[in-house]
1. Going through the range 25-64, which trypsin sites (Lys or Arg not before Pro) have at most 15 other Cβ atoms within 10 Å and a DSSP loop state?
2. From the C-alpha gyration tensor of the range 39-81, pull out the three semi-axes of the equivalent ellipsoid (sqrt of 5λ each), sorted largest to smallest, in whole Å.
3. Report, as a whole number in µm² per second, the diffusion coefficient that Stokes-Einstein gives for the range 15-68 at 25 °C and 0.890 mPa s using the Kirkwood radius over alpha carbon pairs.
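Derivation of every value follows stated rules applied to the coordinates shown; laboratory data play no part. For clarity, every value in this text was computed on a predicted model and none was experimentally measured. All Cβ positions, even for glycine, are placed from backbone atoms using ideal geometry, and neighbour counts span all protein chains on display.
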Amino acid sequence: MKHAVESEAEAGLGIFEKTCVYCGARFRVLSTRAADPLQLQSQEYECPGCGKQYEIDAAAPPEVQLLRGRTDGKDDRYQETMF
Ligand SMILES: [Zn+2]
């Protein structure tokens, strides 16, 4: 029995939706499936609301479609300051 794993790191997902943890925007990510897992590499994509970067294992850079705007009421860009 196979369980679907809801993880952006999971290969071959194709299309999934994601809510940005920073700004609350909802967007759809279209990643490229690879027949050969060796073709997968770490690809970066940005939240269309704030620009926060996420990563996915895919054969090509994914496409991102905004479904719903950010919900935090701000318009700043995400900054990687949490070290
Ligand atoms: Zn965001």
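1. Details: sites: R26, R28, R33, K52; in loops: R33, K52.
Filter output for the range 25-64: R33.
2. Numbers: eigenvalues 111, 32, 6 Å².
Sorted largest first and rounded, they come to 24, 13, 6 Å.
3. Working: Rh = 11.3 Å.
Roughly 217 µm²/s, to the nearest whole number.
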